[in-house]
Amino acid sequence: MSTSYWLDRTKKIGKKNYDVIVVGAGISGLSTVYWLNQEDPNLKIALVEKQRVGFGASGRNAGFITCGSVEHFNRMISKHGKQEAIEIWKFAETNLQLLKEHIIQDQGNQIEFRERGCYSLASQDSEFTELKKVAQIMNELGIATETYESERLQKCVGANNFVGGIKYLADAETNPIALLNLLQKKIKCDLYEQTEAYHYEATPDGTRVLKTDAGDFEASMIVFSLNGYSPAMHNYFSDKIYPTRAQILMMEPVAAFMDGPCYANFYLDYFRQMPDGSLLIGGFRQLAKETEVGYSDHTTELIQNALHGFVTTHLPQYKDKKVSHRWGGIMGFSRDGQPLIGSLPEDNQIFFNGGYTGHGMGLAFNTTKSLVDGIFGREVPLWLSARRFN
Ligand SMILES: Cc1cc2nc3c(=O)[nH]c(=O)nc-3n(C[C@H](O)[C@H](O)[C@H](O)COP(=O)(O)OP(=O)(O)OC[C@H]3O[C@@H](n4cnc5c(N)ncnc54)[C@H](O)[C@@H]3O)c2cc1C
């Protein structure tokens, strides 16, 4: 992005000076501030957000805090090799542990946090065969899973027309905005909402200037925590993070009928029941991959009909319940499905994280911890480093 002569408000409102400026107040921006506070409580930090805390994907997601990745574990092994696949899975398990230890603590009830595990369901025999193989591999590695044949599965998740599934026992779920609010209470920074960052400049004395619609911010370093919005900030991200839309449909509350959140169809679709009984169904972007991209969060008839069709097929007893909400949000997909952290090749004081590929609630807290490790000269895993794309 750029700033015009007419939009530049610096002269009117002066400059603001900080040690670090973090841009984007979703789960990853708030978490970045948290780890910077832990590193040095004296750092003066500005958190700059175009709209308000949680306006992006962090306030629009389904609230799954899942381990692992965007695909079945056997496929992760094929892509990354066994050791790296285990490392990625353990990294997400650590993410949840860190969230519990540092943020959630004894406030679980207030943020609707539940550790009930998460199911992965198959509607085709071939996927169930693959899932059983996944469960075997994972159990041998000490990652706890359980396998469910269709009848037992129906009793646990109340859904029809699935041939079977597996349950990852370590997964959790939450109210995403409540988690963000809790995280926000634990950080120390000056928060500037309704402040859109345009671009940054480096001055000869090493100061980085962030141009925003509320004037200039100065600091010695900037961190972009923009996930799906990253390519709009800088071209570097245009072949690394792809803005990708996801849509959700929410139905009015019904009596509790499922004992854990569910993914289906190779992680592409998902559903869960809220503590108040509301039913959330998401996914189906695979039906319109070419249009479910970009920065618009509107919903479409095609995807919303498919989400309702899912209810008719798998949860027919609720198909006539009222739809209470429909929404969309922008995710940041990376080239290999894993997040990326690093600094810009042209400026080693401009840092970033993003590319969570639909799993930032399960990854961002630990990812930003690694980012702060990197900023302060400690080693970071290569699978997480943006250098893997060089
Ligand atoms: C419908 C949907 C369902 C999902 N379900 C899940 C799930 O169940 N579990 C899970 O783990 N993940 C899920 N995700 C993905 C998850 O929400 C994201 O991975 C995560 O929220 C990314 O967090 P973030 O802070 O990096 O980005 P965001 O939350 O998108 O935050 C980026 C922020 O930057 C701000 N911003 C943008 N441009 C500028 C600018 N120029 N200046 C200042 N600020 C700017 C935006 O307003 C936004 O607040 C889902 C996503 C969607 C959309």
Problem set entry | Enumerated strands (runs of 3 or more DSSP E) restricted to the stretch 319-378, each holding at least 3 residues that are assigned by TED's automatic domain parsing to the domain that holds TRP35, out of contact with any Cys (no Cβ under 8 Å at 6 or more places or on another chain) and more than 14 Å from the ligand (Cβ to nearest atom) | 340-344, 347-354
Exercise. Picking from PHE257, PHE237, which residue would you name as being surrounded by fewer than 18 Cβ atoms within 10 Å (Cβ to Cβ) and aromatic (Phe, Trp, Tyr)?
Worked result: PHE257
For this session: Answer yes or no: is there a residue in the stretch 193-209 that is in contact (Cβ under 8 Å) with a residue 12 or more places away in the chain, among the small types (Gly, Ala, Ser), more than 16 Å from the ligand (Cβ to nearest atom) and surrounded by fewer than 19 Cβ atoms within 10 Å (Cβ to Cβ).
Result: yes
Exercise. Regarding LYS322, is this residue buried (at least 19 other Cβ atoms within 10 Å of the Cβ) and of a type outside the set (Val, Ile, Thr)?
Worked result: no
Problem set entry | Residue list for the stretch 256-284, filter: modelled with pLDDT of 95 or more, within 28 Å of ASP336 (Cβ to Cβ) and not in a strand (DSSP E or B) | PRO261, PHE284
Exercise. For residues in the stretch 242-255 being assigned to a strand (DSSP E or B) and more than 10 Å from the ligand (Cβ to nearest atom), which is farthest from ASP347 (Cα to Cα)?
Worked result: MET251
Exercise. Name the residues in the stretch 229-241 that are within 19 Å of THR368 (Cβ to Cβ) and within 11 Å of the ligand (Cβ to nearest atom), would you?
Worked result: TYR229, SER230, MET233, HIS234, ILE241
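Looking at ARG285, is it buried (at least 20 other Cβ atoms within 10 Å of the Cβ) and within 13 Å of the ligand (Cβ to nearest atom)?
yes
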Exercise. Does the stretch 210-228 hold any residues that are hydroxyl-bearing (Ser, Thr, Tyr), out of contact with any helix residue (DSSP H, G or I) (no Cβ under 9 Å at 6 or more places or on another chain) and within 10 Å of the ligand (Cβ to nearest atom), and which are they?
Worked result: THR212
For this session: Specify which of the listed residues (ILE187, ILE111) is at pLDDT 95 or above, under 23 Å from ALA255 (Cα atoms), in contact with a Leu (Cβ under 7 Å, 6 or more places away or on another chain) and in the same structural domain as LEU30 (by TED's automatic domain parsing).
Result: ILE111
Problem set entry | Matching residues, the stretch 25-51, being surrounded by 24 or more Cβ atoms within 10 Å (Cβ to Cβ), part of a loop (DSSP other than H, G, I, E, B) and either more than 9 Å from the ligand (Cβ to nearest atom) or of a type in the set (D, E, K, R) (or both) | GLU49
Exercise. Yes or no: GLY24 in contact with a Pro (Cβ under 7 Å, 6 or more places away or on another chain) and either hydroxyl-bearing (Ser, Thr, Tyr) or outside the structural domain of LYS132 (by TED's automatic domain parsing) (or both)?
Worked result: no
Exercise. Any idea how many residues of the stretch 63-98 are touching a residue at least 60 places away in the same chain (Cβ under 8 Å), out of contact with any Gly (no Cβ under 9 Å at 6 or more places or on another chain) and hydrophobic (A, V, I, L, M, F, W, C)?
Worked result: 4
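The values are calculated or read from the model by the stated rules, or taken from the named source; none is laboratory data. The structure presented is a predicted model; accordingly, all values stated were derived computationally and were not measured. So basically every Cβ, Gly included, is an ideal-geometry build from the backbone, and we count neighbours across all protein chains shown.
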